[in-house]
Amino acid sequence: MPEEIRPLAVYSVAQVAELVHSDRRPVRAAIDAGELRAFLPNGCSRGYRILGQWVLDWLERQATRGQG
């Protein structure tokens, strides 16, 4: 059974890729394109973190973009 995306949880790029059954590259590309919100923890230059609600919003936009 797939893991549920929890809106208040904070995920890494690798975790989001696993949750959406994807490779890390499309997730990172969505961040770089501004399609998926993410942040770097204070003092870090790598290791993006993504709030679960942002993942859900991104997936919803992906789904509605494919309609009509």
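The values are calculated or read from the model by the stated rules, or taken from the named source; none is laboratory data. Just so you know, these numbers come straight off a predicted model, no measurement behind them. With ideal geometry, Cβ positions are generated from the backbone for all residues, glycine too; neighbour counts draw on all protein chains shown. Only protein heavy atoms, including side chains, enter the accessible area calculation; ligands, DNA and RNA are left aside. Shrake-Rupley method; radii C 1.70, N 1.55, O 1.52, S 1.80 Å.
Other residues with beta-carbon under 13 Å from the beta-carbon of Ser12 carry, at +1 per Lys or Arg and -1 per Asp or Glu, a net charge of +3.
Where only DSSP H runs of four or more residues are counted, the chain gives -13000 deg cm²/dmol as its mean residue ellipticity at 222 nm, each run worth -39500 (n - 2.57).
GNM remark for the chain: springs join alpha carbons under 10 Å apart, and the peak mean-square fluctuation among Arg46, Arg25, Arg37 falls on Arg46. At a probe radius of 1.4 angstrom, the accessible area of the chain per residue rounds to 73 square angstrom. Springs join every pair of Cα atoms under 10 Å in this Gaussian network model of the chain, and among Gly52, Gly34, Gly43 the largest mean-square fluctuation is at Gly43.
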